[in-house]
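Asker: The structure's right below; bear with me while I get my questions together.
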C-alpha cells in the first residue's frame, strides 16, 4: 500500500476565458469561451495525486459559500480525506481569473479569500495524525508563516517534506534545510539562487546552490524540456514527451502530485520524475486545472 500523502494548500474556483490571444494592458479581446472549474495549487495537486492512486489527505480552508461546498464535495468524490478542511465564516472561498490563448499560454490573477487565513495551528491536527512514512506536499498560496510551521513541524516528526515554491516568493533562509525535496521552475530557481536557468549547465548551477542552502534533493522543472534533478551525488535531465499543448494552467501541479505519488509508492527519484513528466504531458492536452488531471490507467 502506498504511503500517505498530506497536501497542505489552497483551494480556488477558476474562472477561465479561452481566446485566440492574451489581451495587452487596456485591450479587450472578444470571441472567448468561458469555463468555470475547481482549482488552486493545493487542490490541484491533491486531486492529481488521488487520481493516480495516492492516499491523499487535504488540509485547506474554504469559505462558507457555494464555491467552498462544491470544492469539498468534489474532493470527496475523488476519494480524498477532507476531515481537515476548515470552513471560514468570515472570508469567501478563493477565486482565480485565468486567460488562456490559442497556444495554451495563460495569465492568472488570484483573489485568495479564505486561503489567506489558514493559520499555522490549524494544520496541527492533521500533522499529529500523519503516519511515520507520510509525505507532506506544500505550495505558496497559503500564508508563509503557515508554510514555515508545517515544514518545520513535519521535518521534526521525521516526515519527508516536498515544497513546490509557487507562486514565486522569497523564503526564509532557514526553511531550506528542512526540505526533503524542492521543485522550482526556472523562474523560481533563479529567485532563490540568482542563477538564470536557461539550459542544463545553469540548471546544475542553480541546483548546487540549493544544495548549499540545505535542500537534500532538487528537481527543476523545465517546461517542454522535462525536469532536471540533483541529489548532490547524482543528477540527470528527465525528458518529457512532445505534445500539442492547449492549456498549461495546472501542468506544474499535475507534475508535483504525480511525483509525490511515485515517491509514496517507493519509486526512485528518476522513475518518479519520469512518471510525473508523463502525467503532466497528458494534462496540458486538456482544458482546465483539476479537470485536466489524468487517471492512473492513462499514465503508462
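Throughout, read-outs are computed from the coordinates displayed, never taken from laboratory work. Not measured: the values here are computed from a predicted model. Every residue, glycine as well, gets a Cβ built from its backbone with ideal geometry; the counts of neighbours run over all protein chains shown.
Asker: With viscosity set to 0.692 mPa s at 37 °C, what whole-number translational diffusion coefficient in µm²/s follows for the range 121-247 from Stokes-Einstein and a Kirkwood radius over Cα pairs? Could you put the intermediate results ahead of the total?
Answerer: Working: Rh = 15.3 Å.
Result for D is 215 µm²/s.
Asker: Would you compute the Debye intensity of the chain from its alpha-carbon atoms alone, equal scatterers and no solvent, and pass along log10 I(q)/I(0) at q = 0.11, 0.12, 0.15, 0.16 Å⁻¹ to two decimals?
Answerer: Scattering profile of the chain, log10 relative to I(0): -0.60, -0.73, -1.17, -1.35.
Asker: Could you tell me the distance between the Cα centroids of the range 233-300 and the range 18-68, to the nearest Å?
Answerer: 17
Asker: With N residues in the range 105-157, what two-decimal value do you get for its Cα radius of gyration over 2.2 N^0.38 Å?
Answerer: Values: Rg = 13.2 Å, N = 53, 2.2 N^0.38 = 9.9 Å.
Scaled against compact globular proteins, the figure is 1.32.
Asker: Within 10 Å of each residue's Cβ, count the other Cβ atoms and sort 234, 188 from fewest upward. Spell out each step's value before the answer.
Answerer: Details: 234 11, 188 24.
Ascending number of Cβ neighbours within 10 Å: 234, 188.
Asker: Is it possible to state the helix-based mean residue ellipticity at 222 nm for the chain, with each DSSP H run of 4+ residues giving -39500 (n - 2.57), the sum divided by total residues, to the nearest 500 deg cm²/dmol? What is it? Before the final figure, lay out each step's value.
Answerer: Numbers: 8 runs with 91 residues, N = 300.
Mean residue ellipticity, 222 nm, calculated: -9500 deg cm²/dmol.
Asker: Could you tell me, in Å, what Rg and Dmax come out for the Cα atoms of the range 18-154?
Answerer: 16.8, 53
Asker: If packing is taken as the average count of other Cβ atoms within 10 Å, what order do 7-16, 26-35 fall into, highest mean first? Each step should come with its number before you reach the end.
Answerer: Details: 7-16: 26.8, 26-35: 9.7.
Taking the mean over residues of other Cβ atoms within 10 Å, the ranking is 7-16, 26-35.
Asker: Could you line up 244, 204 from fewest to most neighbouring Cβ atoms inside 10 Å? Provide the component values of the computation, followed by the final result.
Answerer: Numbers: 244 8, 204 18.
Neighbour counts put them in this order, fewest first: 244, 204.
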